[in-house]
1. Where in region 26-57 is the amide nitrogen less than 11 Å from a point lying 7 Å along the Cα-to-Cβ axis of Asp196?
2. I'd like the GluC sites (Glu not before Pro) in region 105-213 restricted to DSSP loop residues with at most 16 other Cβ atoms within 10 Å, sorted by number.
3. State, as an integer percentage, the relative contact order of the chain based on alpha-carbon contacts under 8 Å between residues 6 or more apart.
4. Subtract the Cα-Cα distance of Thr66 and Thr165 from 0.36 nm times their separation in residues, and report this length gain in nm to one decimal.
5. Round to the nearest 0.05 the FRET efficiency obtained for Asp13 and Thr97 when R0 = 25 Å and r is the Cβ-Cβ distance.
6. Less than 11 Å Cβ to Cβ from Val26, Lys/Arg counted +1 and Asp/Glu -1: what total charge do the surrounding residues give?
7. Let a ≥ b ≥ c be the square roots of the eigenvalues of the Cα gyration tensor of the chain; is it rounded (a/c under 1.5), or, if not, prolate (a/b larger than b/c) or oblate?
8. Would you list Ser168, Ser119, Ser137 from the most to the least accessible area, probe 1.4 Å?
Amino acid sequence: MAFTKQDIITQLDQIRVLPILVTDDVDQAIRCVTTLAENGLPAVEITLRTPNAMTVLREVVKACPTVTVGAGTILTQAQLDAVKETGAAFGISPGITPALAKAAAESGLPYFPGVGGASDLMLALEHGFDVVKLFPSDIVGSTKMAKALGGPFPDVRFCLTGGVTVESTPALLQQPNVLCVGGSWMCPASLINAGDWTAIATLAVAAAQAGKK
């Protein structure tokens with residue numbers, strides 16, 4: 001099913017924790033996404049950091065129709081176009097450029113650009129994006145940056161990624177203009193490669209609990 005941007009924002013506002021999955025194995029990805037969804041995390045960002053990422057993304061979208069599957073680490077318009085063809089529900093970038101912002105605005109794909117400060121955010125707003133990823137959150141100031149940007153940009157909401165942990169999640173989510181946090185701590189490569197889905201399920205439950213209001 002096709003999700004509108006508002007559908008995705010509403011879901012992220014409810015679950016408040018977005019798992020970020022890095023894997024180049026289709027079967028592992030499907031199993032991991034299924035495990036996360038069954039344990040309270042029904043939306044996931046699959047990064048484009050691996051050679052086989054587009055195939056992984058496409059197959060997970062097909063295999064997990066009840067999960068909101070998005071793509072992360074979109075750096076170019078070509079990647080954006082390829083992501084849209086996979087049927088992914090949304091796209092996320094670590095940063096923003098004028099060309100990518102324009103392409104994303106025209107694509108119709110629900111999209112969340114990355115920002116690191118006020119200039120990035122002004123560019124995002126010029127193209128109609130008022131929900132953005134603050135990255136790398138722990139380096140650029142985390143909730144201090146979100147709070148500071150909330151002054152001149154009161155209608156913007158942030159997804160904090162970079163250095164987020166299950167321990168830090170409740171405090172980060174107390175900042176009113178933080179929509180959600182993202183991280184890979186509930187699906188680390190070591191557990192995925194080991195096929196330890198029980199451990200991943202346990203981490204997912206804890207992450208989902210940390211996100212509860």
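The values are calculated or read from the model by the stated rules, or taken from the named source; none is laboratory data. Since we're looking at a predicted model, the values are computed, not measured. FYI the Cβ positions are ideal-geometry reconstructions off the backbone, even for glycines, and counts take in every protein chain you see. Surface accessibility is based on the protein's heavy atoms, side chains included, excluding ligands, DNA and RNA. Shrake-Rupley method; radii C 1.70, N 1.55, O 1.52, S 1.80 Å.
1. none
2. Numbers: sites: Glu106, Glu126, Glu167; in loops: Glu167.
Filter output for region 105-213: Glu167.
3. Working: 408 pairs, mean separation 48.4, N = 213.
It comes to 23 percent, rounded to a whole number.
4. 33.0 nm
5. 0.35
6. -1
7. It comes out oblate by the Cα gyration axes.
8. Ser119, Ser168, Ser137
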